[in-house]
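Written out below as C-alpha cells is the structure these notes cover.
Please treat every number below as a calculation from the coordinates, not as lab data. Fair warning: this is a prediction, and the values are worked out from it, not measured in the lab. Neighbour counts run over all protein chains shown; Cβ positions are idealised from the backbone, glycine included.
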Amino acid sequence: MAKEIERKFLVKGDFSQFVTKKTRITQGYLSSVPERTVRVRVKGDNGYITIKGIGSASGASRYEWEKQITVEEARELMELCEPGIIDKTRYIVPASGGLKFEVDEFYGENEGLTVAEIELPSEEHPFEKPEWLGQEVTGDARYYNSMLMKNPYKNW
C-alpha cells in the first residue's frame, strides 16, 4: 500500500495561465467514514476505485490504494454510492522541482470552491508557493471531498 503525502490550499488568484492539462472528474463514495474511504471516480475516459486510510495527525499523509477500472464499471458502482456526487474540473499546474499542483474547481453544490493540492515526497519537503495560492487547509476535514458530498460548500 502506498502512502500519499499532500498539502491542500485554497486558491486566491488566477492560475489559468499556468495550466498544462485539464480533466473533468465525477466521483462518489461507497464508504465515507474517516478510517477508510472508498471512492469511485470517472476521470476523463478512465474509471478508478480508490481506498484511503485515516490521515496522520497533520492531515498531510495517509495510505492510499487505487485501481483502474472501466468507465462502465465506475458508473455502475456510482449507483451504489452514498448520496452526493462530487463534480469538478482538475487543472494541472507544474511546480518547481518536478512537482505539480492539482487545482480542483468544483461545480453543483460546491460551486465557488477552488482548492489546490501538491503531492510531496515527505511532509517536510519544501516547495515554492505561487502568488495565486491562498490559505492552507491541510487537515481541515471540511475540504475533504468525502465531506464536501455530505456538507457542501454552499451550506457553509
Each label sits 7 Å from Cα toward the beta-carbon; between Lys12 and Leu99 the label points are separated, in nm, by 1.8 nm
Choice from Gly112, Gly53, Gly97 showing the highest fluctuation, given a GNM over the chain with Cα pairs closer than 10 Å: Gly97
Where does the charge balance sit around Thr37 when Lys and Arg score +1, Asp and Glu -1, over other residues with C-beta under 13 Å from its C-beta? +1
Glu4's amide H: which non-local residues (gap 5+, or another chain) put their own amide H closer than 5 Å, with H modeled 1.01 Å from N in plane and none for Pro or chain starts? Arg62, Tyr63, Glu64
Against the 2.2 N^0.38 Å scaling, with N counting residues, where does the chain land? I'd like the Cα-based Rg ratio to two decimal places. 1.00
Explain nothing, just compute: Karplus ³J(HN,Hα) = 6.51 cos²θ - 1.76 cosθ + 1.60, θ = phi - 60°, for every residue of the stretch 83-96 in order, whole Hz, x for Gly and Pro. x, x, 8, 8, 10, 7, 10, 9, 10, 9, 10, x, 10, 5
Let's see if you can work this out: charge +1 on each Lys and Arg Cβ, -1 on each Asp and Glu Cβ, no other charges. What is the dipole magnitude of the chain about its Cα centre, in debye to the nearest 20? 40 debye
Measure up Lys8/Lys88; Lys3/Lys100; Lys67/Lys100 against 20 Å on the Cα-Cα distance and list the ones that go over. Lys67/Lys100
Under the rule of at least 5 residues apart or a separate chain, name every residue whose amide H is placed under 5 Å from the amide H of Gly134. Leu10, Val11, Lys12
Would you tally the net charge around Glu136, using a Cβ to Cβ cut-off of less than 12 Å, leaving Glu136 out, and scoring K and R as +1, D and E as -1? +1
Sites Glu128 and Arg24 - FRET efficiency at Förster radius 22 Å, r taken between beta-carbons, to 0.05: 0.20
